[in-house]
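Read-outs throughout are calculated quantities, based only on the coordinates presented, and are distinct from any laboratory measurement. None of the values given here were measured: they were computed from a predicted structure. Here the Cβ positions follow ideal geometry from the backbone for every residue, glycine too, while neighbour counts run over all protein chains shown.
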Amino acid sequence: MKMTILAAAWMVPLAVLATPNAEEVMKASFKDRGQAKVDRLNQDETQAACSKYFAAVPKDVAKKIEAANLKTIKYPADGKVMGDWKEGERIAQSGVGKQFSDNPANPAGGNCYACHQLSKAEISFGTIGPSLYNFGKLRGFTEAMQKYAYGKVYNAQAYSACSNMPRFGHNQILTEQQMKHVTALLMDPDSPVNK
Amino acid sequence: MKRWLIALFLPLMAAMPAFAQDGDATVKEIEKYRQALADGNPAELWEARGEDLWKKKRGPKNASLEQCDLGMGAGKVKGAYAALPRYFEDTDKVEDLESRLVTCMVMLQGFSYDQARKNPFGGPDVKSDMEALVAYVTSASRGIKMNVALKHPKEKEAFEIGKKMFFHRGGPHDFACATCHASDKQRIRLQDLPNLTKQEPAQRAYTSWPAYRVSQGELRSFQWRLFDCFRQQRFPELVFTSQGSVALTLYLAKNANGGVFNAPSIKR
């Protein structure tokens with residue numbers, strides 16, 4: 001009896017929420033920590049649509065998502081999308097950045113190997129994304145393909161709605177310079193990706 | 001006690017990538033490593049400490065947890081974890097093991113809510129009583145089939161909230177739980193990712209937590225598993241025993257129904 005009363009006393013504030021909305025419950029279940037604030041749970045239109053449909057996005061919705069994301073891509077002002085593939089390899093290996101446990105003063109990685117095969121030498125690669133081994137070699141080392149690769153890193157959902165791949169440029173995970181390096185990792189004929 | 005075993009296998013783990021010639025060989029070596037580990041699981045130390053904590057008179061009321069009702073009746077530990085989370089009338093809430101332990105520590109032992117939720121996870125400088133209690137209670141469900149009910153309206157509601165959370169894409173990386181855990185046979189680096197929306201892989205994954213993590217030297221509860229997934233998801237901090245954390249646990253536990261519980265286990 002005593003137990004029940006005690007319990008009831010500290011449950012009162014929650015009892016007010018009769019039928020809690022999932023999103024409100026979710027927001028109340030997280031707290032700010034370091035650079036990761038609760039507002040990260042707020043969704044933009046792309047995130048909301050991709051959560052709703054998840055694996056099976058209707059074609060018309062997919063088209064809208066791709067068109068909206070295509071508009072966000074900003075190419076470097078100097079017109080050069082290729083950096084240093086060696087720097088790109090380092091970025092591809094690094095999984096730090098944007099976690100509440102990361103120091104926001106340090107540059108983020110791209111963590112490409114978490115999901116993709118890239119060079120033959122790195123055998124610890126994930127399979128969430130397709131293999132990118134020989135990416136440039138298979139597609140041709142053209143300027144158009146370089147630009148496509150840069151755009152894909154910048155915002156993958158411009159080409160593939162609800163892709164699992166982070167929108168590295170659009171969400172400011174990688175800098176312009178870092179994205180140039182990653183593009184070189186994919187597109188430089190000397191990169192181990194193309195060996 | 002069995003620390004020497006860990007010391008023995010740590011170098012093996014570090015050398016693992018060197019074994020890998022192709023995908024299959026890698027998977028086989030990882031499997032061998034896991035089997036070798038299972039021979040001596042330091043989780044036993046947490047289970048023993050948890051049992052002591054369960055039986056010891058503590059708190060302002062100088063009471064043990066032996067009258068704690070985990071859903072099977074007061075003091076009944078056997079099989080309780082396999083049916084959690086569940087709805088409890090006395091709190092009018094759905095509770096997972098950790099939130100139920102907090103409730104019992106408040107009600108029976110007289111701890112404040114904040115005291116009961118202190119140090120939910122152990123670290124180099126902190127011992128977590130909570131993780132020890134979790135080890136003890138979960139070990140009493142070993143060999144029992146997961147049977148989470150969806151009867152009470154609040155259990156059904158929790159399932160729906162948990163499901164929504166699972167597919168919620170957000171944060172700078174657009175990640176959801178489902179990004180890594182809604183497809184078959186995927187890996188992140190060399191780590192297999194269970195499809196938690198499917199019964200068989202969900203059973204295998206869920207019934208293997210809590211686990212002693214060799215890389216951390218700590219026993220980790222399911223609340224910790226979710227907390228650290230969300231950290232890597234680039235989300236803010238999941239509040240320990242929050243309503244959302246319990247809802248997500250219920251969604252995953254329900255998907256694992258019928259699987260034979262076999263934890264605390266040991267993992268890399």
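Here B:103, B:91 are placed in order of increasing Cβ neighbour count within 10 Å, fewest first, which gives B:91, B:103.
Cβ-Cβ distance of residue B:112 and residue B:78, R₀ of 22 Å, FRET efficiency by 1/(1 + (r/R0)^6): the value works out to about 0.15. Judged by a Cβ-Cβ distance under 4.7 Å, the unpaired cysteines of the protein assembly as shown are A:112, A:115, B:177, B:180, B:229. Find out how many positive minus negative residues lie around residue A:102, taking Lys and Arg as positive, Asp and Glu as negative, among other residues whose Cβ is under 13 Å from that of residue A:102. Net charge in that neighbourhood comes out at +4. How big is Rg to Rh over the stretch B:53-109, alpha-carbon atoms, Rh as the Kirkwood inverse-mean-distance radius? Using Cα coordinates only, the ratio equals 0.95.
Could you tell me which of the pairs A:98/B:56; A:98/A:180; A:31/B:76; A:59/B:164; A:120/A:152; B:55/B:267 are separated by over 31 angstrom between their Cα atoms in the structure shown? Beyond 31 Å: A:98/B:56; A:31/B:76.
From its DSSP helices (H runs of at least four residues, each -39,500 (n - 2.57)), chain A gives a residue-normalised ellipticity at 222 nm of -12000 deg cm²/dmol.
The local environment of residue B:206, defined by Cβ-Cβ distances under 10 Å, has a net charge of +3 under the rule Lys, Arg +1 and Asp, Glu -1. Net charge dipole, the stretch B:43-114: roughly 280 debye, given to the nearest 20, about the Cα centre with Cβ charges of +1 for Lys and Arg and -1 for Asp and Glu.
Counting only other chain Cβ atoms within 10 Å of each residue's Cβ, the peptide A:97-103 averages 4. The protein assembly as shown has equivalent-ellipsoid semi-axes of 43, 26, 19 Å, by the square roots of 5 times the alpha carbon gyration tensor eigenvalues, sorted largest first. Evaluated with a Cβ-only charge set (Lys, Arg +1; Asp, Glu -1), the stretch B:90-223 carries a dipole of roughly 460 debye about its Cα centre, given to the nearest 20.
Over chain B, Cα pairs under 8 Å with separation of 6+ residues give a relative contact order of 22 percent. Here's the picture: charge each Lys and Arg Cβ at +1 and each Asp and Glu Cβ at -1 in the protein assembly as shown, and of A:142, B:167, B:84 the one pushed furthest to the positive end of that dipole is B:84. The Cα-based radius of gyration and maximum Cα-Cα distance (Dmax) for the stretch A:93-195 are 13.4, 40 Å. With semi-axes defined as the square roots of five times the eigenvalues of the C-alpha gyration tensor, the equivalent ellipsoid of the stretch B:47-180 measures 27, 19, 15 Å, largest first.
Rounded to the nearest 20 debye, the dipole magnitude of the protein assembly as shown is 340 debye, with +1 charges on Lys and Arg beta carbons, -1 on Asp and Glu beta carbons, and the Cα centre as origin. Which FRET efficiency value, to the nearest 0.05, do you get for residue B:89 and residue B:32 by plugging their Cβ-Cβ distance into 1/(1 + (r/R0)^6) with R0 = 56 Å? Once the sixth-power term is evaluated, E becomes 0.70.
Summing -39500 (n - 2.57) over the DSSP H runs of n ≥ 4 in chain B and dividing by its residue number, what mean residue ellipticity at 222 nm do you reach, to the nearest 500 deg cm²/dmol?
Here the helix-only value at 222 nm equals -13500 deg cm²/dmol.
Taking 0.890 mPa s as the viscosity and 25 °C as the temperature, the Stokes-Einstein diffusion coefficient of chain A based on its alpha-carbon Kirkwood radius rounds to 128 µm²/s.
Across the stretch A:68-194, the relative contact order, built from alpha-carbon pairs under 8 Å that are at least six residues apart, equals 37 percent. Largest GNM mean-square fluctuation across B:174, B:192, B:125, computed for chain B with C-alpha springs under 10 Å, falls on B:125.
Modelled spin-label separation between residue A:141 and residue B:184, with each label point placed 7 Å from Cα along the Cα-to-Cβ direction: 4.1 nm. For chain B, the longest principal axis of the C-alpha atoms and the axis of helix B:153-166 are separated by about 30°. Across the stretch B:41-267, what fraction of all alpha-carbon pairs, as a whole percent, falls in each successive 10 Å bin from zero upward? With a bin width of 10 Å, the distribution comes to 8, 34, 39, 16, 2, 0. Along the charge dipole of the stretch A:26-90, Cβ charges K/R +1 and D/E -1, which of A:61, A:28, A:41 sits furthest on the positive end? Farthest towards the positive end: A:28.
The Cβ shell under 9 Å around residue A:47 holds other residues with a net charge of -2, Lys and Arg each +1, Asp and Glu each -1.
Here's the picture: a label point sits 7 Å out from the Cα of residue B:24 along the beta-carbon direction, and within the stretch B:184-204 the residues with their amide nitrogen under 19 Å of it are B:185-187, B:192.
For the options B:61, B:145, B:163, a Gaussian network treatment of chain B with springs between C-alpha atoms closer than 10 Å singles out B:61 as fluctuating the most.
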